[in-house]
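This report concerns only the one structure given below.
The values are calculated or read from the model by the stated rules, or taken from the named source; none is laboratory data. Bear in mind the structure is a predicted one, so any value in this text is a computation, not a measurement. Quick reminder, even Gly has a Cβ in these numbers, built from the backbone with ideal geometry, and neighbours come from all protein chains shown.
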Amino acid sequence: MTGIIVPTRRNLRALHAGIFPPEFELAFSSATKRLARQVEALRHQRSPTSRDQQALPRKDLAERLFDALASAKQLTASVAMYLDPARRDRLLRHLDSLHDLAEWEEDNEPLQQSSFATFLKAMLAVNPERQPGLGLSHAGHLIGAWTTDRDRLTIEFLPNDWVKWVLARYNKEDDEPRRFAGQTPVSELTEGLTPYQPEYWFSHEQGRQRQESPR
């Protein structure tokens, strides 16, 4: 898939459900459609409930980091055949770095599997040419950041297929930032960003144009 697709609300819901309307047939390859359905199936896997977790003894930090990293890599491996190898390898390196025991703060939570599943769905829906820098919130939610010059888009990938985003773009007239924020289901992420030019953040060409334009 190339470029940014801004479908109707009806088609977004269909895409989220793993159903591809006819007008999407040219935009999505068969491999991408299989990936969408496979990631959607992951959402229905049962995650441990708080009651289950309370019944289990608390693991030490190294074990928790190992388990979170292994879970994320298994999730990635389940769809790896549909991912660009360079993009997949870069993602795995990021995951390793995020769970480096030597750099870890004890009171932070490792990556939550439900957050990572939301991230995979978002990357499938948007298919950005420019890959985000990745970080973790205190609660273990994956955070992606796209920057162009001083402009910045930050997306927090929440559990249960929701995303929260904040962006800041500097105005050429007064050199002051304009800030916007939103929270949507992951299936409506591109639609939510439409007023703020998604291609500006996700396209290599748009990023170069912004960096090369005079202030």
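For the stretch 65-99, give me each residue that is in contact with a Pro (Cβ under 8 Å, 6 or more places away or on another chain) and surrounded by fewer than 16 Cβ atoms within 10 Å (Cβ to Cβ).
Residues of the stretch 65-99 in contact with a Pro (Cβ under 8 Å, 6 or more places away or on another chain): 65, 67-69, 99.
Passing the criteria: only Asp67.
Right, Leu124: part of a helix (DSSP H, G or I) and under 19 Å from Asp67 (Cβ atoms) or not? Before the answer, list the steps.
Values: part of a helix (DSSP H, G or I): yes; under 19 Å from Asp67 (Cβ atoms): no.
Considered against the rule, which asks whether it is part of a helix (DSSP H, G or I) and under 19 Å from Asp67 (Cβ atoms), Leu124 comes out as no.
All but one of (1) modelled with pLDDT under 90; (2) surrounded by fewer than 21 Cβ atoms within 10 Å (Cβ to Cβ) hold for Thr147; which doesn't?
For Thr147, the failing item is (1).
Run Gly140 past the list (1) outside any loop (DSSP other than H, G, I, E, B); (2) touching a Leu at 6+ places or on another chain (Cβ under 6 Å) and report the number of the one that doesn't hold.
(1)
Of the residues that sit in the stretch 74-107 and are modelled with pLDDT of 90 or more and within 18 Å of Ala139 (Cβ to Cβ), which one is nearest to the chain's Cα centre (by Cα)?
Filtering first and then ranking leaves Leu95.
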